[in-house]
Every structure is written in structure tokens, then in C-alpha cells.
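Report on the structure given below.
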Amino acid sequence: MMRTFWFTLGVSALILGAVGIFVPLLPTVPLLLLAAFGFARSSERLHHWLLSHRSFGPPISDWRERGAIGRGAKRLATVSILAAFLLSVLLGIKSWVLVVQAVALGAVAAFIWTRPNA
């Protein structure tokens, strides 16, 4: 039962992570980390495949080994954060919501930029 849960979590996170490559506001690497976590508990074959994948493997390894995020990923995340906030401003979101959003997004950006470069 739990193995099925972890497998379903891994597949779902992998699909969302793959979609995140093309959708800027969907965080790819955290979803890939979640997929690796799920596969580690459900499918040794899929876990190995994910970690050795040409595109998906390196960001997972960088995070696991050093807590590192690639410079390009940091830049893309920052652009996405700014775009999300700008969209909220353009949509006329209430000021107090913008303040909360700015604090949350600022904290995310600070976390990303304080991680080592991959």
C-alpha cells in the first residue's frame, strides 16, 4: 500500500517537474527532488533512471551533494518571481496581498541566491 503511494507520488512529481521545464512558475527541481524521494521508496529502477537521466539527474545530484542550484536556474527562478509579482500588480491585486506576496517571493529569492552555485 505505501509502496503504491510513494510510486504515485514519484510519478506525479516527475510529470509536474517535466511540465515545469516549459511553465516558468512551476518549480522543476523541487518536484524532481520529490520524485526521487518517492522513487527511492517505491522503485529502485525508476530511482536509478531519474538520477542517471541526462537532464534531470544533475540538478538532483547538485542539490543532494552540496545543496547547490545552478546559476542559470537561479536566474530563471528570479525572472519567474519578478514576472509573477508584475502580473499581480498589473491585475490590480489589493495592496496588502501584494505586500504578503512580495515578502514570500523575496524570501524564496533570498533562499535561492544564498545556495551555492552548481
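The values are calculated or read from the model by the stated rules, or taken from the named source; none is laboratory data. Small disclaimer: the values here were computed from a predicted structure and weren't measured. All Cβ positions, glycine included, derive from the backbone under ideal geometry; neighbour counts span all protein chains shown.
Descriptive notes on the structure:
- Contact annotation: residue pairs with Cβ atoms under 9 Å, 6 or more positions apart or on different chains, pairing a residue in the stretch 104-118 that is of a type outside the set (A, V, I, L, M) and crowded, with 16+ Cβ neighbours inside 10 Å with a partner that is in a helix (DSSP H, G or I) and modelled with pLDDT under 95, are R115/W63; R115/R66; R115/K74.
- Pairing residues of the stretch 32-47 that are farther than 14 Å from P59 by Cβ with residues that are of a type in the set (S, T, N, Q), at Cβ distances under 9 Å and at least 6 apart in sequence or on separate chains, gives G38/T8; G38/S12; S42/T4; S42/T8.
- Scanning the stretch 9-59 for residues that are polar (S, T, N, Q) and either under 27 Å from S80 (Cβ atoms) or in the same structural domain as A83 (by TED's automatic domain parsing) (or both) returns S12, T28, S55.
- Residue within the stretch 95-102 that is closer than 15 Å to P30 by Cα, without any contact (Cβ under 8 Å) to a residue 24 or more places away in the chain and out of contact with any Ser or Thr (no Cβ under 8 Å at 6 or more places or on another chain) present: no
- Of all the residues in the stretch 1-39, those that are within 17 Å of G72 (Cα to Cα) and loosely packed, with under 13 Cβ neighbours inside 10 Å number 4.
- When restricted to residues that are at pLDDT 95 or above and closer than 20 Å to P116 by Cα, the stretch 71-98 contains 0.
- Of all residues making up the stretch 65-94, the number that are of a type outside the set (F, W, Y), in contact with a helix residue (DSSP H, G or I) (Cβ under 8 Å, 6 or more places away or on another chain) and without any contact (Cβ under 8 Å) to a residue 24 or more places away in the chain: 3
- The sole residue among S42, S61 that is closer than 30 Å to M1 by Cα and not in a helix (DSSP H, G or I) is S42.
- Filter result (under 21 Å from S88 (Cα atoms) and either basic (K, R) or not in a helix (DSSP H, G or I) (or both)) within the stretch 19-36: F22, V23, P24, L25, L26, P27
- Unmet requirement for S42, which otherwise passes all of (1) within 19 Å of the chain's Cα centre (by Cα); (2) surrounded by 18 or more Cβ atoms within 10 Å (Cβ to Cβ); (3) of a type outside the set (D, E, K, R): (1)
- Checking R3 against (1) over 26 Å from F111 (Cα atoms); (2) modelled with pLDDT of 95 or more, the condition it does not meet: (2)
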